[in-house]
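Read the structure below first, then the notes.
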Amino acid sequence: MSDITGAASIRPTIARGGAFYRLVWKWHFLASLYVLPFMAMLSITGGLYLYKPQIENWLYADRFYVEAQETALPIAVQIAQLDTFVGISRMRAVIPPVSPEHTTRIEFNTSQGVRSYAWINPYTAEIIAVQARDTMLMHQVKKFHGELLLGDIGTKFVELAAHWAVIMLVTGAVLWWPRGAQRLRDRAALPRPPKNQSAKRGFWRQMHLFTGMLAVVLVLPILVSGLPWTDVWGGGLNKVQEITGTQSKSLRFGGSVPKSSTDTGEQISVEQVAAIAAAQGLATPYEIRPPRKAEDAYWMRSASVNRYAQSELVIDQYSGAVLARVDFTDNPGVAQAKSLGISFHQGELYGWANVAQNTVAAVLGVVLSVSGFVAWWMRRPRGSLGVPAAPDAQVSWPVAAVIVTMMILLPLVGASLIAVLALDWFVFRKLGWFRGASAPHAAE
């Protein structure tokens, strides 16, 4: 979103801009070198994942739906058929059909320990399909979006890109704001198709300015709402929540889950658990985790996309008594905000309007990346990266305070900045890399 091209008449003015402007320009440029490829990737994969339900309904219609019949078989019979068919080493979850046309979905570990899904015809117990979770298309899209399919190492690269993307957009907003004789309406104008070769440079510049302006409004909130998922920033937030007692009350991933009142007796069925959930007013679909031990209890939740409807129940596996209930509103404000932010990030918070908004943001992310690269490529001096010149004067203490604050709020920015400064001092300076040109064009 930076002013990466411009008329020759304003070049000297920009080049002689204040130390703050030139510092912001250089930060924006260097952040963009790392961020733009990731922003394009995150925008494409995130945009695809917004349509996960529609894509999976199209891809897997033959396993999601069956012809409705009069009477369904007990889910226990369906599970037994699955165990015979492929072998179950661990039962993870049962998702009962939400309508007579839906199949039963089972999440389990195979006898070889592979985490998998199975879709079962509830009327015949026919195993329609079994597939490893990691081979599901949208699961792979999600993994690529979050970790580049590289595990913990990939997660750090993506998080680092997200941190620097925040800085790129903030610095871009500073650079976008009109200076001197520039007018706000010109900065915010739609790019006009170029009439000739010489006009292409101005077209890509204005495209970058225009999409960058919109990206600050639409993309920046998505970046911030995704930070709680990350290892470093999200892990730090989790520690703060633990210290302040504001963590989620959910029992989904552990905690003090109550046990059944006895460790003997006849276990109630999954259907009975679903009936108890319906009587408790839980919204479908249900995710039910059967007990693994004789003293354990059923755990279940509403898997509704509406966060306020995502209640959890712990049910005695013998008596059917509700041992615990956790509603969304039982969570502290911080935990609720974190959950709602994730819902917004996934396009679930306010229905199709949220999906449409995030889709526009995804398109902006791709266009911003492409236009930034093309505009830079067209303006850079031949044989050079065109790195903006750093300010000659020392950075003032307010600017230093802003830098330190960003390093605290975005820890990976601080760590990477220290690493880059060390490389710059000990390596790049000696090799002459990433040096800003002294000519007026350098800060254009």
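General observations
- Extension gain, ALA294-LEU59: 0.36 nm per intervening residue step, less the Cα-Cα distance, totals 80.7 nm.
- Helix-only [θ]222 nm of the chain, DSSP H runs n ≥ 4, -39500 (n - 2.57) each, per residue, nearest 500: -16000 deg cm²/dmol
- Distance in nm between pseudo-label sites at TRP177 and THR284 (7 Å out along the Cβ direction from Cα): 5.4
- Rounded percent of accessible protein surface that carbon and sulfur make up, the range 26-171, 1.4 Å probe: 60
- Only Lys, Arg (+1) and Asp, Glu (-1) charged, at Cβ; the range 42-133 dipole about Cα centre in debye: 480
- A straight Cα-to-Cα reach below 17 Å connects LYS143 with the lysines LYS52, LYS156, residues fewer than 8 places away in its own chain not being considered.
- The value obtained for the chain, namely the Cα convex hull volume divided by the number of residues, is 188 Å³ per residue.
- Rounded to the nearest 10 degrees, the angle from helix 75-85 to the longest Cα principal axis of the chain is 70 degrees.
- Extending 7 Å from Cα along the Cβ direction at ALA324 and again at ALA188 yields two label points whose distance is 5.1 nm.
- Checking the cross-link pairs LYS142/LYS249; LYS142/LYS200; LYS142/LYS239 against a 28 Å limit on the alpha carbon distance flags LYS142/LYS200 as lying beyond it.
- The convex hull built on the alpha-carbon positions of the range 174-241 has an orientation-averaged projected area of 7.1 nm².
- Net +/- balance of residues flanking SER116 in space, Cβ distance below 14 Å, scoring K and R +1, D and E -1: +3
- Dipole of the chain, positive direction: furthest Cα of ALA275, VAL413, THR171, with charges on the beta-carbon: THR171
- Averaged per residue, the chain has 51 square angstrom of accessible surface, using a 1.4 angstrom probe with ligands and nucleic acids left out.
- Principal-axis tilt of helix 333-345 within the chain, Cα atoms, nearest 10 degrees: 80
- Accessible surface ranking for LEU169, LEU220, LEU150, LEU30, 1.4 angstrom probe, highest first: LEU150, LEU30, LEU220, LEU169.
- The range 94-137 and the range 267-334 have Cα centres separated by 20 Å.
- Rounded FRET efficiency, nearest 0.05, which uses the C-beta distance separating VAL363 from VAL77 and R0 of 56 Å: 0.70
- Potential lengthening between ARG115 and SER261 on full extension [0.36 nm per residue; Cα-Cα distance subtracted]: 49.5 nm
- Computed label-point distance, nm, for sites LYS200 and SER416 using a 7 Å Cα→Cβ extension: 3.0
- Cβ-Cβ distance of GLU70 and GLU101, R₀ of 22 Å, FRET efficiency by 1/(1 + (r/R0)^6): the value works out to about 0.95.
- Between 0 and 90°, nearest 10: helix 351-379 axis offset from the chain longest Cα axis: 30
- FRET efficiency for the LYS52 to ARG382 pair, using the beta carbon distance and R₀ = 56 Å, is estimated at 0.80.
The values are calculated or read from the model by the stated rules, or taken from the named source; none is laboratory data. All values reported here derive from a predicted model rather than from experimental measurement. Every residue, glycine among them, receives a Cβ derived from its backbone with ideal geometry; neighbour counts consider all protein chains shown. When the accessible area is computed, the model is the full protein with side chains, heavy atoms only, and any ligands, DNA or RNA have been set aside. Shrake-Rupley method; radii C 1.70, N 1.55, O 1.52, S 1.80 Å.
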